[in-house]
Amino acid sequence: MTRYDAIIVGGGHNGLVAAAYLARAGRKTLVLERRPLVGGAAVTEEVFPGFKFSVFSYVVSLLRPEIIRDLELPRHGLQILPLESTVVPLDNGDYLGSWADPDQTRRELARHSPLDAEAATLFGRLMHHMAMAVKPILAMVPPDPTSLAPSDLKGLLKFGGHFRSLGAERFHALYKLMTMSSADYLDEWFEFDPLKATKSASGIIGTFLGPRSPGSAYVLLHHYMGEIDGAFRAWGFQKGGTGAISETIARAARAHGAEIRTGTAVAQVLVKGGRATGVVLESGEEIVATTVVSGLDPRRTFLELVDPKLMPDDVVAGINRFKFRGSSGKVNLALSELPDLTCLPGMGPHLRGAISISPSLDYLERAYDDAKYGEFSRHPYMDIVIPSMIDPGMAPPGKHVMSIFVQYAPYQLNGGWTDARRVAFGDAVVDTVAKYAPNIRSAIIGRQVLTPADIERITGLSEGNIFAGELALHQLFFFRPLPGWARYRTPIKGYWQCGAGTHPGGGIMGASGRLAALEILKGAGR
Ligand SMILES: Cc1cc2nc3c(=O)[nH]c(=O)nc-3n(C[C@H](O)[C@H](O)[C@H](O)COP(=O)(O)OP(=O)(O)OC[C@H]3O[C@@H](n4cnc5c(N)ncnc54)[C@H](O)[C@@H]3O)c2cc1C
């Protein structure tokens, strides 16, 4: 019987990154993925003949540069095409645009508010510094502040020293970002409401927060931390969709000797004498390994892949309290023609970027109000992109694919998600798009509607939370997923965690997979 050094449960991008690093270090590594394809929430699928979709995650920015370098991802197929603009259609028929050219963006903003045009430059600079301030933390294994172990004390010193080095002004700005609502934070900077709305939107993505909820400013910062080719705040498309990123990482892992088996669901992690010894598959096959690493979210890692009785009671209670509360949906459209925006008619560069349906802060807060009381937003926030405009291979010639990320669609819907409610949710989304692009209805050839319940069913992300657990302050850094268990270990020896439910959290970042692999390789915690 083959014995592996490491088995990774789940071939999401974090599992694949962990596998690549372990295999690169000479460990005999096997990835087991339940679905027929790798990638988890980062997959490309031909949902309608000839129309390819980044079914769940759709833009990339957060993938850590050190992973791109270490695994030589460009050599294995990483090719990110820039997403250059954002257009916000306004209720008065006008629009607010932001473009690749900063001067053009400044002029556009000045058209709406000369004061905001001035403030935006300073704000951009501050956010850049804030992202730089937080960036090293993304690559840091969280120390345990209650431990006196030398490695934890060293980590705490590094953490404290890092904040000290920021200086008072930047530390205060960071503290505010960690604690305030994005609306309050942006109110301190800007006056033009649609500008505040569109900026605050990145603070609500994937959360069960509204723009006026404290804590949303941190999520805004989380989305600012992206970097493409050294350009902060840049978002882009992977050629071939986000699935091509996962395949690229899988190729790198295989090149280092990792094996990847798809269509292979793990039923349980085998534990003998308090130590993980391998896994048993749903088929009944047993595979032995010295180390087992779960790329699944904390609920599945701690309470489903192993018998919860093997976990200390406080860990079970802590994971039961860990908040998932999925709040996002996705609608993917196959189109016979491009949307014709009333505010910017015809073909133009705006169709190569994002279209943000975020006309005002009140609009976003009302969208949240619906979700707070158990309904999907009747008028949702939407982040719309048309990948076929940048990567024509995504759709047949002359046709297009449209990706619509939707906030809010609560997992706990009143009466539960049924087929009829899914259709109604899809209708609310299309009706909202039609308000700004009336030709959309007649252009639809195919429509895929994904509710949080669908996201959970297909990817395994509990409650459909896109980040494998909310990015709330009480679930970050040394609290992610639990105090005492934030260093990728679990209470079972030889059983580790590497998914987005660990520090530094969700998004196509790969950081959890990398940090977990480096911890395992250090042999710490044996
Ligand atoms: C709708 C949506 C939109 C998003 N948009 C973006 C975006 O635009 N940009 C961005 O950066 N991030 C986005 N995200 C977030 C990002 O995609 C996720 O945070 C990230 O992909 C999680 O990666 P992961 O490897 O930790 O876990 P996952 O991708 O969840 O991978 C876990 C894997 O484990 C497999 N698995 C589950 N159970 C078993 C089992 N028993 N045995 C074997 N395998 C199993 C699953 O099939 C899956 O492949 C989005 C997510 C969603 C859902």
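The values are calculated or read from the model by the stated rules, or taken from the named source; none is laboratory data. What you are looking at is a predicted structure, and each value in this text was computed from that prediction instead of being measured. Every residue, glycine as well, gets a Cβ built from its backbone with ideal geometry; the counts of neighbours run over all protein chains shown.
Selection over the range 277-303 of residues that are crowded, with 18+ Cβ neighbours inside 10 Å and either within 9 Å of the ligand (Cβ to nearest atom) or acidic (Asp, Glu) (or both) gives a count of 6.
Does GLY243 satisfy the criteria of being at pLDDT below 85 and closer than 30 Å to VAL292 by Cβ? Walk me through how you get there before you give the answer.
Details: at pLDDT below 85: no; closer than 30 Å to VAL292 by Cβ: yes.
Answer is no for this residue.
Being on the phi > 0 side of the Ramachandran plot, buried (at least 19 other Cβ atoms within 10 Å of the Cβ) and near the ligand (Cβ under 8 Å from one of its atoms), is that true of even one residue in the range 8-29?
So far as the range 8-29 goes, yes, one or more of its residues are on the phi > 0 side of the Ramachandran plot, buried (at least 19 other Cβ atoms within 10 Å of the Cβ) and near the ligand (Cβ under 8 Å from one of its atoms).
When the helices (runs of 4 or more DSSP H) confined to the range 170-224 are screened for residues that are charged (D, E, K, R), those reaching at least 2 such residues are found at 182-187, 193-201.
Assigned to a loop (DSSP other than H, G, I, E, B), within 10 Å of the ligand (Cβ to nearest atom) and modelled with pLDDT under 95: which single residue out of GLY506, GLY484, GLY469, GLY501 fits that description? None of the others qualify; the one that does is GLY506.
Under 25 Å from ASP391 (Cα atoms) and either among the basic types (Lys, Arg) or more than 18 Å from the chain's Cα centre (by Cα) (or both): is that true of ARG24 in this structure?
Values: under 25 Å from ASP391 (Cα atoms): no; either among the basic types (Lys, Arg) or more than 18 Å from the chain's Cα centre (by Cα) (or both): yes.
Taking the combined requirement at face value, the residue does not satisfy it.
Any residue in the range 226-239 that is aromatic (Phe, Trp, Tyr) and either over 22 Å from GLN407 (Cβ atoms) or modelled with pLDDT of 95 or more (or both)? Steps first, please.
Taking the range 226-239 first, the residues aromatic (Phe, Trp, Tyr) are 232, 235, 237.
Filter once more, keeping what is either over 22 Å from GLN407 (Cβ atoms) or modelled with pLDDT of 95 or more (or both): 232.
Yes: the range 226-239 contains one or more residues that are aromatic (Phe, Trp, Tyr) and either over 22 Å from GLN407 (Cβ atoms) or modelled with pLDDT of 95 or more (or both).
With the condition kept exactly as written, say whether any residue in the range 305-314 is within 13 Å of the ligand (Cβ to nearest atom), closer than 17 Å to PRO491 by Cβ and buried (at least 16 other Cβ atoms within 10 Å of the Cβ).
yes
Yes or no, residue by residue, for (1) among the charged types (D, E, K, R); (2) out of contact with any Ser or Thr (no Cβ under 6 Å at 6 or more places or on another chain); (3) without any contact (Cβ under 8 Å) to a residue 12 or more places away in the chain:
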position	(1), (2), (3)
ALA168	no, yes, yes
PHE190	no, yes, no
SER200	no, no, no
GLY203	no, no, no
GLY206	no, no, no
GLY210	no, yes, no
GLY215	no, yes, no
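Of all residues in the range 260-276, those satisfying the criterion of being away from the ligand (no atom under 14 Å from the Cβ), surrounded by fewer than 17 Cβ atoms within 10 Å (Cβ to Cβ) and touching a residue at least 12 places away in the same chain (Cβ under 8 Å) are GLY274, ARG275. In the set (1) surrounded by fewer than 23 Cβ atoms within 10 Å (Cβ to Cβ); (2) more than 30 Å from THR29 (Cβ to Cβ), the condition left unmet by LYS199 is number (1).
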